[in-house]
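Peer 1: First the structure, then my questions, so here it is.
FYI, it's all coordinate maths here, none of it is from the lab. Predicted model, so just to flag it, every value in this text is computed and none were measured. Backbone-built Cβ (ideal geometry, glycine too); neighbour counts: all protein chains shown.
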Amino acid sequence: MNINESLNIPSLQGKVSPAEWQLRCDLAAAYRLVALYGWSDLVFTHISARIPGPEHHFLINPYGLMFDEITASSLIKVDQACNKLSQSPFPVNPAGFTIHSCVHQAREDAGCVLHTHSRAGVAVSAQKCGVLPISQQSTFVLGALAYHDYEGVALREDEQPRLQADLGNKRFLMLRNHGLLTVGKSIPDAFLNMYIFESTCRIQLDAQAGGELHQVNPQILQGMATVMKTVTVGMGSDLAWPALLRKLERLDASYRS
C-alpha cells in the first residue's frame, strides 16, 4: 500500500492540468527535501506555490502531515484567503498561510515561498548582528536580505503590510526570533535560496564558537548576483534541481504519487 492509499488520498494524476501536476510534483519534492536536510519542524511551517493562471490559486501542505509524507496528490489547492478548493481528508492552516499570502500578494514574481523554523535559522534570527559577512555563502545572501521584527505568532492581518514593506524586492527574509523565509520565481529557486540561507546560518554559528571572526571585504559583496549566474553557468537553480530529484528518486519516489 502506498502512502496515498494509507492516508485515503486519491491520486490526482490525469485529473489536473499537466502544468499543475508538474507543479505538484516539484512542490512535493521540495517538502521531502526540506525534511531530508533537517529543516522541518514536525507538521509546522509551509512551502506554498502559485498555480499558473489568473485565478491566484496556490498549493500548500495538508495540515497534519509530516513533510516526508507529502505527495503530489496530497497537496491542497487554496485561494488567496486559504479557502480549500480541492478535496482532502486533511485541513489547511489559514494561520500558517498568513505570511505566505501577503508575500504572494505583494510579489508577482513569487512563484514559491518557503518558510522554515530550523534551529540554525532561528538562532541567527535572534542575534542582534543578524547575518555576518564571514563566509562565501553569506555573500550570496547579504545583497538580497531583509529583516522583519517579531510581532508574535503571525496570526494578525494587520502585520502583513509591515512584512511586505520590510521584504520589498528581496529574496531572503530573516524573521527576527522566528526563522527564515525565501522567495523564488520557481520552486527550485526558492529551495536553492533556502539551502544557501540555511548554510549561511549554520556556518555562522559554528564560526562564532571557534574564536575571533574574519569578515569578507565589503567590496566583494558588490555584484554577487552576477557572480551567482556565472557559478551556475547561467542556469541558476535548474543546475542543481535535477540532481536533487535524482537523489529523491533513489531514496523514495513516492513523492510523485
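Peer 1: Taking the Kirkwood radius as the inverse of the mean 1/r across Cα pairs, report the Rg/Rh of the range 111-257.
Peer 2: Radius of gyration relative to Kirkwood radius: 0.99.
Peer 1: Still on this model: So if each residue of separation counts as 0.36 nm, and I subtract the Cα-Cα distance between ALA19 and LEU251, what length gain in nm does that give?
Peer 2: Stretched out fully, the ALA19 to LEU251 stretch lengthens by 81.0 nm.
Peer 1: If you take every residue apart from LEU12 with its C-beta less than 12 Å away from the C-beta of LEU12, what net charge results, scoring Lys and Arg +1 and Asp and Glu -1?
Peer 2: +3
Peer 1: For every helix of n ≥ 4 consecutive DSSP H residues, a contribution of -39,500 (n - 2.57) applies; sum these over the chain, divide by its total residues, and give [θ] at 222 nm rounded to the nearest 500 deg cm²/dmol.
Peer 2: Calculated from helices alone, the mean residue ellipticity at 222 nm is -11000 deg cm²/dmol.
Peer 1: Can you find, among GLY168, HIS148, PRO242, the residue farthest towards the positive end of the dipole of the chain? Put +1 on the C-beta of Lys and Arg, -1 on that of Asp and Glu.
Peer 2: Value computed over the given set: PRO242.
Peer 1: Within a Cβ distance under 11 Å of VAL34, other residues only, what is the Lys/Arg minus Asp/Glu net charge?
Peer 2: Working: positive: ARG32; negative: ASP41, ASP68, GLU198.
Cβ neighbours under 11 Å give a net charge of -2.
Peer 1: Grab the Cα-Cα distance for ALA95 and GLN208, subtract it from 0.36 nm times how many residues apart they are, and report the gain in nm with one decimal. Intermediate results must be reported in sequence, preceding the final value.
Peer 2: Values: separation 113, 0.36 × 113 = 40.68 nm, distance 3.46 nm.
This chain segment gains 37.2 nm when fully extended.
Peer 1: How large is the dipole of the range 134-257 about the Cα centre if only Lys and Arg carry +1 and Asp and Glu carry -1, each at its Cβ, rounded to the nearest 20 debye? Display every interim value, and only then the final one.
Peer 2: Numbers: 12 positive and 13 negative charges, 93 e Å.
In debye, rounded to 20, the range 134-257 gives about 440.
Peer 1: Now for a different question. Counting only DSSP beta bridges with both residues in the range 143-217, what percent are antiparallel, rounded to the nearest 5?
Peer 2: Counting DSSP beta bridges with both partners in the range 143-217, the antiparallel share is about 50 percent.
Peer 1: Now a separate question. For LYS170, give me every one of the lysines with a C-alpha distance below 22 angstrom, ignoring sequence neighbours fewer than eight places off in its own chain.
Peer 2: Straight-distance partners of LYS170: LYS128, LYS185, LYS229.
Peer 1: What whole-number distance in Å separates the alpha-carbon centres of the range 183-230 and the range 88-130?
Peer 2: So the two Cα centres are separated by 19 Å.
Peer 1: Which translational diffusion coefficient, to the nearest whole µm²/s, is obtained for the range 10-71 from the Stokes-Einstein equation, given a Kirkwood hydrodynamic radius over C-alpha pairs, 10 °C and 1.306 mPa s?
Peer 2: Once the numbers are plugged in, D ends up at 129 µm²/s.
Peer 1: Turning to a different aspect of this structure: How much of the DSSP bridge set in the range 79-211 is antiparallel, in percent, rounded to the nearest 5?
Peer 2: Roughly 70 percent of the beta bridges in the range 79-211 run antiparallel, per DSSP.
Peer 1: Rounded to the nearest 0.05, what FRET efficiency do LYS128 and GLN164 have when you use their Cβ-Cβ distance and R0 = 22 Å?
Peer 2: 0.35
Peer 1: Stokes-Einstein at 20 °C, 1.002 mPa s, Kirkwood radius from Cα pairs: D for the range 1-132 in µm² s⁻¹?
Peer 2: Rounded, D is 139 µm²/s.
Peer 1: Now a separate question. Under the Karplus relation 6.51 cos²θ - 1.76 cosθ + 1.60, θ = phi - 60°, what is the ordered set of whole-Hz ³J(HN,Hα) values for the range 83-89, x standing for Gly and Pro?
Peer 2: Per residue, the Karplus-derived 3J(HN,Hα) values read 7, 5, 10, 9, 6, 7, x Hz.
Peer 1: If we sort 245-251, 190-196 on the protection proxy, mean other Cβ atoms within 10 Å, highest first, what's the order? Could you put the intermediate results ahead of the total?
Peer 2: On the way: 245-251: 13.1, 190-196: 23.6.
Result, highest mean Cβ count within 10 Å first: 190-196, 245-251.
Peer 1: Run through all the Cα pairs of the range 32-100 and give the fraction in each 10 Å bin from 0, expressed as whole percent.
Peer 2: Distribution as computed: 21, 55, 22, 1 percent.
Peer 1: Are there any GluC sites (Glu not before Pro) in the range 1-76 that are in a DSSP loop and have at most 16 other Cβ atoms within 10 Å? List them by number.
Peer 2: Loop-located and lightly packed - GLU55.
Peer 1: Which percent, nearest 5, of DSSP beta bridges in the chain are antiparallel?
Peer 2: 85 percent
Peer 1: Which value in Å is the Kirkwood Rh of the chain over different Cα pairs?
Peer 2: 18.8 Å
Peer 1: Quick check for me: using +1 on Lys/Arg Cβ and -1 on Asp/Glu Cβ, what's the dipole size of the chain about its Cα centre, in debye to the nearest 20?
Peer 2: The calculated dipole for the chain is roughly 320 debye.
Peer 1: List the trypsin sites (Lys or Arg not before Pro) in the range 5-68 that DSSP assigns to loop (not H, G, I, E or B) and whose Cβ has at most 15 other Cβ atoms within 10 Å. Which are they?
Peer 2: When the trypsin sites (Lys or Arg not before Pro) of the range 5-68 are filtered for loop state and at most 15 Cβ neighbours within 10 Å, LYS15 remain.
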